[in-house]
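Trainee: Handing you this structure, nothing more for now.
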Amino acid sequence: MSVVDLKRTKIAKILQANELDQEIIVKGWVRTKRGNKSVNFIALNDGSTIHNLQIVADPEVISDDILKKINTGASISVKGKVVASQGQGQRVEIIAQTIEILGTADPEKFPLQPKKHTLEFLREIAHLRARTSTFSAVFRIRHAMSFAVHQFFHQKGFFNIHAPIITGSDAEGAGEMFRVTVLDPINPPKNDKGEVDYKKDFFGKETNLTVSGQLEAELAALALSEVYTFGPTFRAENSNTSRHLAEFWMIEPEMAFYALEDNMDLAEELLQYLVNYALTNCGDDLEFLNQRGLEEDKNKKQEERNELSLVERLRFVTENKFIRINYTEAIEILKNSAYNKKKKFNYPIEAWGTDLQSEHERYLVEKHFKKPVILTDYPKEIKAFYMRQNEDGKTVRAMDILFPGIGEIVGGSQREERHDKLVQRMAEMKIDEEELWWYLETRKYGTVPHSGFGLGFERLMLFVTGMGNIRDVIPFPRTPDNAAF
């Protein structure tokens with residue numbers, strides 16, 4: 001192949017192949033440039049790998065006009081030869097024959113200077129933060145996890161269902177939804193009662209952005225047996241914590257003929273598969289984030305430090321069988337714990353029926369069992385209407401999976417397949433039967449036991465990457481007062 005016929009080669013491929021004396025073209029963004037009158041060294045990155053490729057530019061070969069325009073943030077195309085590196089830190093480097101400036105960057109104004117930046121600052125420049133080592137690693141892992149989700153379910157014979165993003169129902173019954181309308185916001189049409197007349201809206205009724213694809217996935221499961229949705233969901237919850245987003249992605253499998261035990265088995269298998277996939281396929285990025293976490297811990301108080309490194313936490317999940325206990329047993333453990341008796345919990349455990357907080361969930365995982373935990377059979381008062389009621393009349397066939405550093409990462413249940421029980425529970429929770437008539441009909445025509453769960457994709461990403469804020473595992477976070485980019 002002649003030089004004229006050369007096409008761009010990705011940096012990841014160059015570093016993996018380690019083939020010397022070949023002529024290549026590489027393109028990317030300049031991380032740093034250093035040197036003197038005799039030689040310049042350019043660290044180039046194209047996003048295909050966490051590692052930079054060193055470009056060696058001889059001022060006698062590359063003109064001074066070109067070299068002056070090569071600053072941090074600039075984009076360039078380099079034609080050159082792959083040679084064994086003479087310096088430390090890389091096996092190969094490129095001896096530049098020609099360099100073309102694709103895009104310049106003013107060194108005085110470019111925000112990403114070669115120094116440490118805070119995550120808070122980087123959120124303000126989310127349009128550029130993917131060029132940093134931290135965020136390029138996070139987003140490559142995000143892609144890998146997304147691919148692994150589809151691969152896992154495809155291999156098990158599940159069918160992917162695209163649930164609607166616009167819906168007329170509230171799956172969770174919480175009411176914290178974003179309205180979808182084309183009505184005039186200043187002077188909307190009114191009915192005889194003086195209320196907004198949604199019959200004149202685009203869909204002829206009040207509609208919202210979905211909080212879950214579960215109900216629609218259940219409909220598909222009661223025909224195709226095993227399905228899953230993987231799409232965006234929305235909550236209009238005015239919360240600014242490090243664990244909440246207004247727009248996030250959910251993985252929601254639903255399975256006909258599955259009891260709660262089958263549901264737990266599948267969820268455990270999925271989580272171990274995904275974490276193992278990351279360990280196997282994202283080694284360089286995980287090692288970078290692992291070292292980043294260790295450096296961060298050095299600046300924390302002893303009690304705030306992670307007991308396990310990132311990679312150790314991941315292996316904690318893949319190498320341990322999950323502990324399974326019911327809610328009642330968990331409450332007794334927590335109530336009688338030294339943490340509770342010494343009032344170390346921010347929310348003391350006093351009696352059965354308490355809704356567990358993240359600190360309680362993490363105590364069970366990190367302090368008591370030292371293994372991932374699946375909690376089952378929660379009080380029905382603190383769970384959704386669609387969960388199958390147990391014979392005791394007090395609890396439902398719910399299950400939550402708890403992880404170190406995260407708390408709850410999966411929530412699910414065996415669904416209530418009995419029409420009379422479902423109608424009774426909806427009445428107790430003041431949920432309109434007419435609004436969910438189609439959901440109730442599936443309990444009239446060929447109903448079967450079935451189960452499902454939800455895995456928040458960003459929660460999974462928090463765990464796999466070790467990042468501390470959910471805003472840092474999604475490219476463009478949507479939170480209260482923030483819809484930029």
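The values are calculated or read from the model by the stated rules, or taken from the named source; none is laboratory data. Owing to the predicted nature of the structure, the values given are computational and were not obtained by experimental measurement. As a convention, Cβ positions derive from the backbone with ideal geometry for all residues, glycine included, and neighbour counts pool all protein chains shown. In case anyone asks, the SASA skips ligands and DNA or RNA and just uses the protein heavy atoms, side chains included. Shrake-Rupley method; radii C 1.70, N 1.55, O 1.52, S 1.80 Å.
Trainee: Could you please let me know if Glu408 is surrounded by fewer than 23 Cβ atoms within 10 Å (Cβ to Cβ), touching a strand residue (DSSP E or B) at 6+ places or on another chain (Cβ under 7 Å) and not in a helix (DSSP H, G or I)?
Mentor: Values: surrounded by fewer than 23 Cβ atoms within 10 Å (Cβ to Cβ): yes; touching a strand residue (DSSP E or B) at 6+ places or on another chain (Cβ under 7 Å): yes; not in a helix (DSSP H, G or I): yes.
Yes; evaluated as a whole, the condition is true for this residue.
Trainee: Among the numbered criteria (1) open to solvent by less than 40 Å² (accessible area, probe 1.4 Å); (2) in contact with a Phe, Trp or Tyr (Cβ under 9 Å, 6 or more places away or on another chain); (3) free of Cβ contacts under 8 Å to residues at least 40 places away in the same chain; (4) small (Gly, Ala, Ser), which single criterion is violated by Ser85?
Mentor: Only one criterion is unmet by Ser85, namely (2).
Trainee: Limited to region 310-358, what total is found for residues that are in a helix (DSSP H, G or I) and in contact (Cβ under 8 Å) with a residue 40 or more places away in the chain? Even if it seems obvious, please write down each step before you answer.
Mentor: Keep residues of region 310-358 that are in a helix (DSSP H, G or I), which gives 310-318, 327-335, 338-341, 358.
Checking the rest, the ones that are also in contact (Cβ under 8 Å) with a residue 40 or more places away in the chain come to 310, 313-314, 316-318, 327-328, 330, 358.
Count: 10.
Trainee: Does Ile55 satisfy being open to solvent by less than 10 Å² (accessible area, probe 1.4 Å) and within 23 Å of Ile25 (Cα to Cα)?
Mentor: Yes: the conditions hold for Ile55.
Trainee: Any residue at all in region 311-332 that is more than 26 Å from the chain's Cα centre (by Cα) and among the basic types (Lys, Arg)? Break it down stepwise before answering.
Mentor: Filtering region 311-332 down to residues more than 26 Å from the chain's Cα centre (by Cα) leaves 325-332.
Add one more test, that the residue is among the basic types (Lys, Arg), and what stays is none.
Within region 311-332, not a single residue is more than 26 Å from the chain's Cα centre (by Cα) and among the basic types (Lys, Arg).
Trainee: Next question, about the same structure. Here is a list: Ala144, Ala148. Which entry is open to solvent by less than 20 Å² (accessible area, probe 1.4 Å), in contact with a Cys (Cβ under 8 Å, 6 or more places away or on another chain) and either part of a strand (DSSP E or B) or not basic (Lys, Arg) (or both)?
Mentor: Working: Ala148 fails: in contact with a Cys (Cβ under 8 Å, 6 or more places away or on another chain).
Exactly one of Ala144, Ala148 is open to solvent by less than 20 Å² (accessible area, probe 1.4 Å), in contact with a Cys (Cβ under 8 Å, 6 or more places away or on another chain) and either part of a strand (DSSP E or B) or not basic (Lys, Arg) (or both), namely Ala144.
Trainee: When you go through (1) surrounded by 14 or more Cβ atoms within 10 Å (Cβ to Cβ); (2) at pLDDT 95 or above one by one for Gln90, which number turns out not to apply?
Mentor: (2)
Trainee: Within the group Lys116, Lys37, which residue is basic (Lys, Arg), part of a loop (DSSP other than H, G, I, E, B) and within 32 Å of the chain's Cα centre (by Cα)?
Mentor: Details: Lys37 fails: within 32 Å of the chain's Cα centre (by Cα).
Result of the check over Lys116, Lys37: Lys116.
Trainee: For Glu307, state whether it is touching a residue at least 12 places away in the same chain (Cβ under 8 Å), assigned to a loop (DSSP other than H, G, I, E, B), under 30 Å from Ser133 (Cβ atoms) and open to solvent by 70 Å² or more (accessible area, probe 1.4 Å). Working first, answer last.
Mentor: Numbers: touching a residue at least 12 places away in the same chain (Cβ under 8 Å): yes; assigned to a loop (DSSP other than H, G, I, E, B): yes; under 30 Å from Ser133 (Cβ atoms): yes; open to solvent by 70 Å² or more (accessible area, probe 1.4 Å): yes.
Taking the combined requirement at face value, the residue satisfies it.
Trainee: Which one is farthest from Ile374 (Cα to Cα), of the residues in region 240-266 that are among the acidic types (Asp, Glu) and open to solvent by 20 Å² or more (accessible area, probe 1.4 Å)? Write out each step before concluding.
Mentor: At the first step, the residues of region 240-266 found to be among the acidic types (Asp, Glu) are 247, 252, 254, 261-262, 265.
Okay, now just the ones that are also open to solvent by 20 Å² or more (accessible area, probe 1.4 Å), so 247, 261-262, 265.
Details: Glu247: 26, Glu261: 11, Asp262: 13, Asp265: 10 Å.
Only one residue fits best here, namely Glu247.
Trainee: Tally up the residues in region 219-229 that are open to solvent by less than 30 Å² (accessible area, probe 1.4 Å) and either over 22 Å from Phe159 (Cβ atoms) or assigned to a strand (DSSP E or B) (or both), please.
Mentor: Filtering region 219-229 down to residues open to solvent by less than 30 Å² (accessible area, probe 1.4 Å) leaves 220-221, 227-229.
Now drop any that are not either over 22 Å from Phe159 (Cβ atoms) or assigned to a strand (DSSP E or B) (or both), which leaves 227-229.
Count: 3.
Trainee: OK, next. Here are the criteria: (1) surrounded by 13 or more Cβ atoms within 10 Å (Cβ to Cβ); (2) among the small types (Gly, Ala, Ser); (3) not in a helix (DSSP H, G or I). Tell me which single one Ala12 does not satisfy.
Mentor: Condition (3) is where Ala12 drops out.
Trainee: Let me ask you something else. Would you check if there is a residue in region 270-288 being among the polar types (S, T, N, Q), surrounded by 15 or more Cβ atoms within 10 Å (Cβ to Cβ), over 21 Å from Ser413 (Cα atoms) and free of Cβ contacts under 8 Å to residues at least 40 places away in the same chain?
Mentor: For region 270-288, residues among the polar types (S, T, N, Q), surrounded by 15 or more Cβ atoms within 10 Å (Cβ to Cβ), over 21 Å from Ser413 (Cα atoms) and free of Cβ contacts under 8 Å to residues at least 40 places away in the same chain: absent.
Trainee: Within region 139-152, does at least one residue satisfy the condition of being of a type in the set (A, V, I, L, M, F, W, C), in contact with a Phe, Trp or Tyr (Cβ under 7 Å, 6 or more places away or on another chain) and farther than 30 Å from Glu268 by Cβ?
Mentor: Among the residues of region 139-152, not one is of a type in the set (A, V, I, L, M, F, W, C), in contact with a Phe, Trp or Tyr (Cβ under 7 Å, 6 or more places away or on another chain) and farther than 30 Å from Glu268 by Cβ, which makes the answer no.
Trainee: Being in contact (Cβ under 8 Å) with a residue 12 or more places away in the chain, over 28 Å from Phe135 (Cβ atoms) and crowded, with 16+ Cβ neighbours inside 10 Å is true for just one of Lys37, Lys79. Which residue is that? Before you say what the answer is, go through the steps one by one.
Mentor: Details: Lys37 fails: crowded, with 16+ Cβ neighbours inside 10 Å.
Among Lys37, Lys79, only Lys79 is in contact (Cβ under 8 Å) with a residue 12 or more places away in the chain, over 28 Å from Phe135 (Cβ atoms) and crowded, with 16+ Cβ neighbours inside 10 Å.
Trainee: Any idea which of (1) out of contact with any Asp or Glu (no Cβ under 8 Å at 6 or more places or on another chain); (2) open to solvent by less than 60 Å² (accessible area, probe 1.4 Å) is the one Thr104 doesn't satisfy?
Mentor: Checking Thr104 against (1) out of contact with any Asp or Glu (no Cβ under 8 Å at 6 or more places or on another chain); (2) open to solvent by less than 60 Å² (accessible area, probe 1.4 Å), the one that fails is (2).
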